[in-house]
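S.K.: Pasting a structure below so you can have a look.
The values are calculated or read from the model by the stated rules, or taken from the named source; none is laboratory data. This structure is a prediction, so every number in the text was calculated from the model and none was measured. Here the Cβ is made from the backbone with ideal geometry for all residues, glycine too, and neighbour counts use every protein chain on show.
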């Protein structure tokens, strides 16, 4: 009945008295029948997700039930109580108009805990006649297995890097947990630092409760994805937290004016040592690509068995990766085709999502293919070799060889006319020269030969003289080149040093001057826009943001930390690309 009432309200049908309109009652009956018959069509789709997976025993976590439309009824969370304890629940909704399209979202949030370890299942929840889908979740033994069990501090940090088997350019999830059982007015946490690595923050911070040694703690969890760009031993420096802890006392009237007493406390995490392995010798792919999952697929805009000469058909190639960045995914449209099949690739569509459990990336390329002759055309297979970091094996994502059948000339294709035959011009007899004319020709030929030999002799002498002078001073020229290169490298290092100081002091103007000096020597670029175009995507964005801060109308305070981090990551990519002893090509063109 709730669904039928919604349909009636949509069509703005009002209940009419019996004596006022038979047509109104008839329309009402039709709409009711339509609502009953079309019940499956209007079923709301309800998805289930969690804020963390896996979780630990005695840790609270959040379960989200999200619907794109109003479901048939209110949720019944009773099935959850079989394996989970419900601590709190709430509901929120949002709506938006995008390009003339209306969308609505309703979310139910359930905060829960569990006392069972192992692989559990969040059951399907009924929303009237609608239902959510079940979701598996892994529950670990709890804080007794972690470093948190070895301390009884009021506030402390715990850090962890997974997985334990690390390979160059593979994803490492670096997890930071702040445990506290005291109230904190404000806190500042440093960010992880690692040279020769790409570091990306994953999603938003999550908060939950847990029990350690019988003591309840509030935990704030933050995650980063780290991609080391070289093999060997690497160390993530300890993180530091500076917090204003509210002293344990009863509030009084002074708290009304925000004058509660606090004390500053600083805690430091342990350092994390990573043993990053190089690409294994068993990997035989062209470019090294490490990921948790790689999928390659293709789609066509039409029937490839009924193509026509001159008519285009679009081929869409999609490469999807889990545990890798979009810059590591290789190009797909470089496959060669025969000369009778013209290929026109479009700009690639790149997408990267930073989820709670890591980064997923996709690269989509569209290629327009136009055949110029009828018959069969064969597109070679596409193979992407990649290293599975979970199974420690080499795998191949593959699209098999594709055959295209092309029919004759299309109706819109203009018919080609044969080239005109060359016209025949009647030949005229050539008369022989007389004796006097023959003597004159021979005399002129002899004079031309003398001048030819004289010119060749002079040119040879000039060439020998030039070679002599060039060999006279080779060491001087080489030394000048080496000196100039040394001066340039010194100036670049000095510019980088000044940029680092400017970023540390959040001095936007000094950072601009240092970037201009660096870009002039490295790229011969004279403005920030030109320098940004020569850099990687992340550094480019930070340089453009600096430019906007300096010259924008609504500029605010500038922080140089992100710019310096992006600059360091860009330098690590360049260093990895120029390393001869490595088979890596760090990042592909974006």
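One line per residue, one yes/no per condition, for (1) crowded, with 17+ Cβ neighbours inside 10 Å; (2) in contact (Cβ under 8 Å) with a residue 40 or more places away in the chain; (3) in a strand (DSSP E or B):
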position	(1), (2), (3)
286	no, yes, no
319	yes, yes, yes
338	no, yes, no
383	no, no, yes
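S.K.: Filter region 169-189 down to the residues that are more than 24 Å from the chain's Cα centre (by Cα) and part of a loop (DSSP other than H, G, I, E, B) and list them by number.
M.R.: Of everything in region 169-189, those that are more than 24 Å from the chain's Cα centre (by Cα) and part of a loop (DSSP other than H, G, I, E, B) turn out to be 181, 182, 183.
S.K.: Another one. Looking at 568, 549, 559, which one is at pLDDT 80 or above and not in a helix (DSSP H, G or I)?
M.R.: 559
Here's the yes/no breakdown for (1) under 25 Å from residue 212 (Cα atoms); (2) without any contact (Cβ under 8 Å) to a residue 60 or more places away in the chain:
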{"site": "50", "(1), (2)": "yes, no"}
{"site": "55", "(1), (2)": "yes, no"}
{"site": "60", "(1), (2)": "yes, no"}
{"site": "82", "(1), (2)": "yes, yes"}
{"site": "94", "(1), (2)": "no, yes"}
{"site": "102", "(1), (2)": "no, yes"}
{"site": "118", "(1), (2)": "yes, yes"}
{"site": "128", "(1), (2)": "no, no"}
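S.K.: What number of residues within region 65-79 are touching a strand residue (DSSP E or B) at 6+ places or on another chain (Cβ under 6 Å) and not in a loop (DSSP other than H, G, I, E, B)?
M.R.: Number satisfying all stated conditions: 5.
S.K.: Is it true that residue 309 is buried (at least 19 other Cβ atoms within 10 Å of the Cβ) and either over 27 Å from residue 202 (Cβ atoms) or not assigned by TED's automatic domain parsing to the domain that holds residue 356 (or both)?
M.R.: no
S.K.: Scan region 190-216 residue by residue and report those that are farther than 27 Å from residue 361 by Cβ, free of Cβ contacts under 8 Å to residues at least 60 places away in the same chain and assigned to a strand (DSSP E or B).
M.R.: If the condition is that a residue be farther than 27 Å from residue 361 by Cβ, free of Cβ contacts under 8 Å to residues at least 60 places away in the same chain and assigned to a strand (DSSP E or B), then 207, 216 are the ones that fit.
S.K.: Pick from 328, 298, 353: which is out of contact with any strand residue (DSSP E or B) (no Cβ under 6 Å at 6 or more places or on another chain) and not assigned by TED's automatic domain parsing to the domain that holds residue 170?
M.R.: Criteria check complete, one pass: 328.
S.K.: Related question: Name, by its number, the condition in (1) more than 18 Å from residue 329 (Cβ to Cβ); (2) part of a strand (DSSP E or B) that does not hold for residue 302.
M.R.: All conditions pass for residue 302, except number (2).
S.K.: Could you check, for region 357-369, whether at least one of its residues is surrounded by 17 or more Cβ atoms within 10 Å (Cβ to Cβ), more than 24 Å from residue 236 (Cα to Cα), over 21 Å from the mean Cα position of the chain (by Cα) and not assigned by TED's automatic domain parsing to the domain that holds residue 171?
M.R.: Yes, because at least one residue in region 357-369 is surrounded by 17 or more Cβ atoms within 10 Å (Cβ to Cβ), more than 24 Å from residue 236 (Cα to Cα), over 21 Å from the mean Cα position of the chain (by Cα) and not assigned by TED's automatic domain parsing to the domain that holds residue 171.
S.K.: Can you confirm whether residue 242 is under 30 Å from residue 276 (Cα atoms), surrounded by fewer than 19 Cβ atoms within 10 Å (Cβ to Cβ), modelled with pLDDT of 90 or more and in the same structural domain as residue 172 (by TED's automatic domain parsing)?
M.R.: Judged against the criteria, residue 242 is not a match.
S.K.: Quick one: count up the residues across region 217-238 that are in a strand (DSSP E or B) and under 20 Å from the mean Cα position of the chain (by Cα).
M.R.: Residues that pass the stated criteria total 7.
S.K.: Among the numbered criteria (1) on the phi > 0 side of the Ramachandran plot; (2) surrounded by 17 or more Cβ atoms within 10 Å (Cβ to Cβ), which single criterion is violated by residue 352?
M.R.: Every condition holds for residue 352 apart from (1).
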